[in-house]
Amino acid sequence: MFPKEKRIRQAKLTEYIYELSERLFDGQSNEEKEIADKLKVIYTDNFRHSYSDFFPVVLKIFQEDNNYNGEYLMNNLQKIRDFLDIDYSNGINEYQDMYSQFIKLCEHLNLQISQLTYFSSTEEQVKDANKNIETAIFNLGEAKKELESANNKANTMQTELIAVLSIFSAIVITFAGGFELIGNAISAVASENVNLYKLILICLIGGFVFFNTV
């Protein structure tokens with residue numbers, strides 16, 4: 001068979017595959033026989049279809065933005081196969097010469113469909129994995145921000161606590177020193193060994209310092 005004739009038949013076979021994907025056989029007309037007759041003409045003279053040409057066809061059929069349906073294709077192929085099986089079992093054998101090639105056609109199309117389904121599921125898994133990674137990265141970033149905020153609050157609280165403790169310690173020390181100064185002044189007065197005016201002056205100065213410190 002000449003290459004040009006082979007290309008013409010391959011294109012015609014592709015056209016029939018698209019037709020099988022447009023609608024389901026109603027089971028009442030003779031559609032199975034009509035397609036079988038067309039395929040019988042194509043597969044004369046030892047024509048062998050090209051397996052590699054089926055992938056773009058199957059890919060287009062299983063896209064969502066057209067009028068084709070992969071389920072229609074698979075169901076209609078099965079109905080044609082059932083029709084050919086009846087022809088063979090009844091001993092008519094009208095399609096005996098193209099039967100084996102039709103079986104190969106079904107197998108090749110099913111193989112391409114299985115590969116497409118596998119690639120599609122793998123692609124969805126990759127997309128889901130990427131989404132999970134992006135979510136994990138986002139959550140990690142949020143957790144990092146919260147941790148930094150908590151550290152800043154802890155540092156602020158620590159500074160405030162140190163300041164409060166320092167003030168409290170200063171007050172305690174001041175009160176202790178002031179009370180000790182007053183106590184010493186009273187002791188001096190009691191002993192009558194200190195000049196009274198000098199003692200009063202010391203107490204006033206100590207009280208002034210004590211008051212301002214507090």
Hull surface over four for the Cα convex hull of the range 1-141, reported in nm², is 11.2 nm²
Note: Met157 to Asp37 extended length (0.36 nm per residue) minus current alpha-carbon separation gives 34.3 nm
Around Leu140 (Cβ within 13 Å, Cβ-to-Cβ, excluding Leu140; K/R +1, D/E -1) the net charge comes to -2
Ordering 72-82, 49-59, 142-152, 20-30 by per-residue average of other C-beta atoms within 10 angstrom, highest first, gives 72-82, 49-59, 20-30, 142-152
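Just subtract the alpha-carbon distance of Ile205 and Glu19 from 0.36 nm times their residue separation and send over the number in nm, one decimal.
Answer, rounded to one decimal: 55.7 nm.
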The range 51-84 and the range 13-44 have their Cα centres apart by a whole-number Å value of 11 Å
Excluding ligands, DNA and RNA, the carbon-plus-sulfur percentage of the accessible area of the range 18-167 with a 1.4 Å probe reads 54 percent
Under 13 Å by backbone N from the virtual spin label 7 Å along Cα-to-Cβ at Leu116, the residues of the range 3-24 are 17-22
Taking the dipole of the range 1-66 about the Cα centre (Lys, Arg +1; Asp, Glu -1; charges at Cβ), the one of Ser29, His49, Leu39 that reaches farthest to the positive side is His49
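The values are calculated or read from the model by the stated rules, or taken from the named source; none is laboratory data. This structure is a prediction, so every number in the text was calculated from the model and none was measured. Heads up, the Cβs are rebuilt from the backbone with ideal geometry, glycines too, and the neighbour counts pull from every protein chain shown. Heads up: the accessible areas ignore ligands, DNA and RNA and are worked out on the full protein's heavy atoms, side chains in. Shrake-Rupley method; radii C 1.70, N 1.55, O 1.52, S 1.80 Å.
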